[in-house]
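Enquirer: Can you keep this structure in mind? I'll have questions shortly.
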Amino acid sequence: MRTGYALLPLGSLLIPLARADYFFKTSYTGRDFLEHWTWQTLDDPTHGRVDYVDQATALQRNLSFASDSKFVMRADSINVVPASAPRGRSSVRIQSVEAFSEAVIILDLQHMPEGCATWPAFWSLSQAGPWPKGGEIDIIEGVNLSDENLSSLHTSPSCTMAPRRRMSGIASSLDCDTNVNSNQGCGVQYADPLSYGALFNQYDGGYYVIVRTKYEGVSVWFWNRWDPAVPWEVKLPPTTDLFGPARVFPTALWGVPDAKFEFGSNCDYEEHFDAHNLIFDLTFCGDWAGNTYATSGCPGTSCVDYVNNNPAAFQNAYWEVNAMHIYTRLGA
Ligand SMILES: *[C@@H]1O[C@H](CO)[C@@H](O)[C@H](O)[C@H]1NC(C)=O
Ligand SMILES: *[C@@H]1O[C@H](CO)[C@@H](O)[C@H](O)[C@H]1NC(C)=O
Ligand SMILES: *[C@@H]1O[C@H](CO)[C@@H](O)[C@H](O)[C@H]1NC(C)=O
């Protein structure tokens, strides 16, 4: 294994601070998203009542908005959708042009979509195809209807997770194979109620950090914005001047992760995972929760009718990203 050192230049002295395993790779803030992510207009593979629009349309209708420091993507909260419309409520799905394998991804998120019928997700996906070759990692995903929100892996056969792992979340299923349990994946329910939905937004969001390596697996940490325990190396933007691009992430000091997925004989890393592109999307109804709408406590009995006829209910159905910073492992 190759290793690097973070060097602090002090006059002519170079003092090794600690062994660095990661190097700064890229950051996305504000307008960076417009250049380095693709607006996908596909029919929603999860059959949501959604019409994913292209970038020009999204900018023109302010369904995507970028300034120097903010990036916002939202559902249409103005127009009624005719029942005869083939796709549904306008919304946004974007994918990073670049793909990452062994990496630390820091997402500083101010707001996530909330409201009845919403199904937002931040996730990563292999481009190998056919799905699920190369794997899928869901990082933030939930549906307002069923009060479920989780992190999950979706893979080809023979990838399972142990029931007990060092994490604060609760395993809801253990087989990551998409052919098992109606593609439920090996999900972990977040235990922290501030990690999702209306409460997440009330606390001004927070930081999701994903660490993915062959030997340590995939760990996800969440800290709300005001948690005094947010590590400084998560809060600080990447510095390329003083410390150089090398970065140390002392994950052993971060406490128990919220979700943890381990690789080994239970799930061979190379067989199931390769470089992933990152995706944000926001769909409505669809496969996960469409059928449970009538008993969810949301208005009416039809999810699709609710989405079609209540534009104003989608005013809080938006992602607001402060920044995303990505560090890759040396040699990865
Ligand atoms: C577009 O959206 C941004 C972000 O939510 C908002 O600040 C801005 O006022 C909106 N612009 C218009 C013209 O509505
Ligand atoms: C679900 O959406 C409804 C309607 O917007 C909202 O009142 C409720 O707080 C949401 N629930 C959660 C857990 O976000
Ligand atoms: C998210 O999951 C946690 C743990 O299962 C639960 O307490 C919380 O209500 C869920 N939140 C939403 C918005 O579904």
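Enquirer: Along its principal axes, what span do the Cα atoms of the chain show, with the longest given first and each in whole Å?
Expert: 70, 45, 37
Enquirer: Test of the criteria: in the stretch 132-216, which chymotrypsin sites (Phe, Trp or Tyr not before Pro) are in a DSSP loop and have at most 16 other Cβ atoms within 10 angstrom of their Cβ? The partial results should precede the final answer.
Expert: Details: sites: Tyr190, Tyr196, Phe200, Tyr203, Tyr207, Tyr208, Tyr215; in loops: Tyr190, Tyr196, Tyr203, Tyr215.
Counting only loop positions with at most 16 other Cβ atoms within 10 Å, the chymotrypsin sites (Phe, Trp or Tyr not before Pro) in the stretch 132-216 are Tyr203, Tyr215.
Enquirer: Sticking with this one: Restricted to Cα positions, what overall size does the stretch 147-196 have along the principal axes? Three whole-Å values, descending.
Expert: 33, 22, 12
Enquirer: Specify the inter-centroid distance of the stretch 244-301 and the stretch 158-225, based on alpha-carbon positions, in whole Å.
Expert: Comparing the Cα centres of the stretch 244-301 and the stretch 158-225, I get a distance of 5 Å.
Enquirer: Now a separate question. Where only protein heavy atoms count, and the probe is 1.4 Å, what is the accessible area per residue for the chain in Å²? Before the final figure, lay out each step's value.
Expert: Details: 14440 Å² over 332 residues.
Roughly 43 Å² per residue, with all protein chains present.
Enquirer: What figure, in Å² to the nearest 10, do you get for the accessible area of Asp44 with a 1.4 Å probe and non-protein molecules left out?
Expert: Probe radius 1.4 Å; accessible area of Asp44 about 20 Å².
Enquirer: Would you calculate, for the chain, the mean residue ellipticity at 222 nm contributed by helices, counting each DSSP H stretch of 4 or more residues as -39,500 (n - 2.57) and dividing by all residues, to the nearest 500?
Expert: Helices in the chain give a 222 nm mean residue ellipticity of -2000 deg cm²/dmol.
Enquirer: For the pairs Lys70/Lys235; Lys70/Lys260; Lys25/Lys235; Lys214/Lys235; Lys70/Lys214; Lys70/Lys133, note any where the Cα-Cα span goes beyond 23 Å. Present the calculation step by step, with values, prior to reporting the outcome.
Expert: On the way: Lys70/Lys235 16 Å; Lys70/Lys260 30 Å; Lys25/Lys235 17 Å; Lys214/Lys235 25 Å; Lys70/Lys214 33 Å; Lys70/Lys133 34 Å.
In this structure, Lys70/Lys260; Lys214/Lys235; Lys70/Lys214; Lys70/Lys133 exceed 23 Å between Cα atoms.
Enquirer: Next up: Return the single residue from Leu194, Leu253, Leu59 with maximal mean-square fluctuation; model: Gaussian network over the chain, springs between Cα atoms under 10 Å.
Expert: Answer for the Gaussian network model of the chain: Leu253.
Enquirer: Enter the mean projected area of the convex hull around the alpha-carbon atoms of the stretch 196-282, in nm², rounded to one decimal.
Expert: Reported value for the Cα convex hull: 7.9 nm².
Enquirer: Okay, next question. Tell me, what % of the accessible area of the stretch 19-329 is carbon and sulfur with a 1.4 angstrom probe? Don't jump to the answer; show the numbers that get you there.
Expert: On the way: 6620 of 12760 Å².
It is 52 percent, rounded to a whole number.
The values are calculated or read from the model by the stated rules, or taken from the named source; none is laboratory data. All values derive from a computational prediction rather than experimental measurement. Note that we place each Cβ from the backbone using ideal geometry, even for glycine, and neighbour counts take in every protein chain shown. What goes into the accessible areas is simple: the full protein's heavy atoms, side chains included, and nothing from ligands, DNA or RNA. Shrake-Rupley method; radii C 1.70, N 1.55, O 1.52, S 1.80 Å.
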